[in-house]
Amino acid sequence: MIVRALLLRGAALALLWWVLSEGRADSWLVGGVSLGLALAASLALSPPGRAGLSLRGVAAFAGFFLVQSARGGLQVALMALRPRLRLEPELLTLPTTLPPGPLRILLVNTLNLLPGTVVARIDGDLLHLHVLDARLPIADEVRRVEGRIAALLEPAS
């Protein structure tokens with residue numbers, strides 16, 4: 001399990017370095033050291049567990065995220081073109097079922113990218129969201145995003 005984590009995370013970090021350094025071969029001395037430190041930090045902060053990422057879940061989430069990003073951009077553009085903005089801002093408190101850690105952080109960051117939604121605070125399992133229009137089905141959107149993020153994990157075998 002540790003070998004798989006080392007290979008997958010190492011490959012992902014190497015790919016990231018290659019992209020950031022624009023493929024320059026002379027950057028790998030610094031890149032190799034950085035990659036090793038990042039890999040060590042990754043393993044220390046998030047040790048390999050019994051469940052890992054599901055490639056199907058990652059692909060489904062990527063597609064979902066792209067569609068929602070395009071939908072959100074269109075929604076913001078339409079709101080900007082309206083002569084009068086009819087908004088009903090509100091602070092909503094919603095529980096989350098995702099465990100603390102990387103999945104919850106991904107949930108918060110994803111919700112912050114939805115148009116008119118910002119996670120203002122997290123108290124334990126409660127998310128405090130500032131929304132621009134409380135008439136929109138925000139709770140349903142949060143549950144849908146939460147379900148997609150939960151599906152990123154493959155079941156333990």
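With the Cα gyration tensor of region 1-69 giving a ≥ b ≥ c as the square roots of its eigenvalues, does the rule (a/c under 1.5 for rounded; else a/b larger than b/c for prolate; else oblate) give rounded, prolate or oblate?
Oblate shape, in that a/c is at least 1.5 and b/c is the bigger or equal ratio.
Given the peptides 82-94, 105-117, arrange them by the average over their residues of other C-beta atoms within 10 Å, most packed first.
Those peptides, ordered most packed to least, come out 105-117, 82-94.
Provide the packing ranking of 57-65, 141-149, i.e. peptides ordered by the mean count of other C-beta atoms within 10 Å per residue, highest first.
Result, highest mean first: 141-149, 57-65.
Between L66 and I122, what is 0.36 nm times their sequence separation minus the Cα-Cα distance? Round to one decimal in nm.
Residue separation times 0.36 nm, minus the Cα-Cα distance, leaves 17.6 nm.
Post the alpha-carbon centroid distance, region 52-70 to region 83-151, in whole angstrom.
After rounding, the separation between the Cα centres reads 18 Å.
Between E90 and D26, what is the label-to-label distance in nm when each label sits 7 Å out along the Cα-to-Cβ direction?
Placing both labels 7 Å along Cα→Cβ, they lie 5.9 nm apart.
DSSP loop (so not H, G, I, E, B), at most 12 other Cβ within 10 Å: list which trypsin sites (Lys or Arg not before Pro) in region 3-72 pass both filters.
Answer in residue order: R24, R50.
From the list [x] 45, 34, 32; [y] 65, 38, 27; [z] 56, 38, 27, can you say which value of Cα extents along the principal axes in Å was derived from the structure given?
Given [x] 45, 34, 32; [y] 65, 38, 27; [z] 56, 38, 27, the structure-derived one carries the label [z].
Which order do peptides 39-47, 126-134 fall in by mean Cβ count within 10 Å, highest first?
126-134, 39-47
Among P48, P99, P137, whose mean-square fluctuation peaks in a Gaussian network model of the chain (Cα, cutoff 10 Å)?
Of P48, P99, P137, the most mobile in the Gaussian network model is P137.
A short reminder: the numbers here are calculations on the coordinates, not readings from a lab. Given the structure is predicted, the values throughout are model-derived calculations rather than measurements. Note: ideal-geometry Cβ built from the backbone for every residue, glycine included; neighbour counts use all protein chains shown.
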